[in-house]
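Please treat every number below as a calculation from the coordinates, not as lab data. As the structure is a computational prediction, the values presented were derived from the model and not from experiment. Cβ coordinates were reconstructed from backbone atoms using ideal geometry, including for glycine residues, and neighbour counts include every protein chain displayed.
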Amino acid sequence: MLAGWSRRFWQGSHDHRGVPHAPGRVVTLIEEPSARCIGVAYSIEHDAFEHLDHREKNGYERRDVAVELASRRVDAVVYVASVGNVAYLGSAPPLAIARQIAASAGPSGSNREYLLKLAQALRDLDAPDEHVFELETLLKRIDTDGHRALG
């Protein structure tokens, strides 16, 4: 668990789940004092950062944080897309975010797939995330043209 951070679909993806002229939306971490972000922590070799830095090059930067594991607190690294980066999209109404996700795809696949797999992974972890689950619900109700939410 990462205290003081929340997961938000506020970062643009021009290189994975979208393209330069039609970016998708992917998650970043936003500082929020009362928040708790639950996820998975991996132990990796230092040389893996070369690959990760390349993969997260579209506006993300490394941040050192402390995370709570089941049995202890450990130092960790997360990638955060800060407000000032060129791909940062920021907050928007949830339906607008869901519509953008529904309409976006890139070299790594559809943005829809990214959101749905994230939501399922969070369920599998028993890690509720109101923002992700709200977007998932809206996405499932969006008409195939990506413009009209079905009632």
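The structure-derived value of P(r) over Cα pairs in 5 Å bins from 0, in percent appears in the list (1) 2, 10, 18, 19, 14, 11, 9, 7, 5, 2, 1, 1, 0; (2) 2, 7, 12, 19, 20, 16, 11, 8, 3, 1, 0; (3) 2, 9, 17, 21, 22, 16, 8, 3, 1, 0 under the label (3). Taking 0.36 nm per residue of separation and subtracting the current Cα-Cα distance, fully stretching the chain between Glu130 and Tyr79 would add 16.3 nm.
Sorting Val83, Val19 on the 10 Å Cβ count, fewest up front, what's the list?
Working: Val83 9, Val19 15.
Ascending Cβ contact count within 10 Å gives the list Val83, Val19.
Per-residue ellipticity at 222 nm, computed for the chain from helices alone with -39500 (n - 2.57) per DSSP H run of at least four residues, works out to -9000 deg cm²/dmol.
Taking other Cβ atoms within 10 Å as a rough exposure proxy, Thr28, Thr137 sort from fewest to most as Thr137, Thr28.
Relative to the present Cα-Cα distance, how much length would full extension add between Arg141 and Ala66 at 0.36 nm per residue of separation?
Numbers: separation 75, 0.36 × 75 = 27.00 nm, distance 3.75 nm.
Value of the extension gain: 23.3 nm.
Rounded to whole numbers, the Karplus 3J(HN,Hα) couplings from phi for region 72-89 are 6, 9, 9, 7, 8, 10, 10, 9, 10, 8, 7, 3, x, 7, 4, 9, 5, 9 Hz, using 6.51 cos²θ - 1.76 cosθ + 1.60 with θ = phi - 60°, and x at Gly and Pro. Each other residue within a Cβ distance under 10 Å of Ile97 adds +1 if Lys or Arg and -1 if Asp or Glu, for a net charge of +2.
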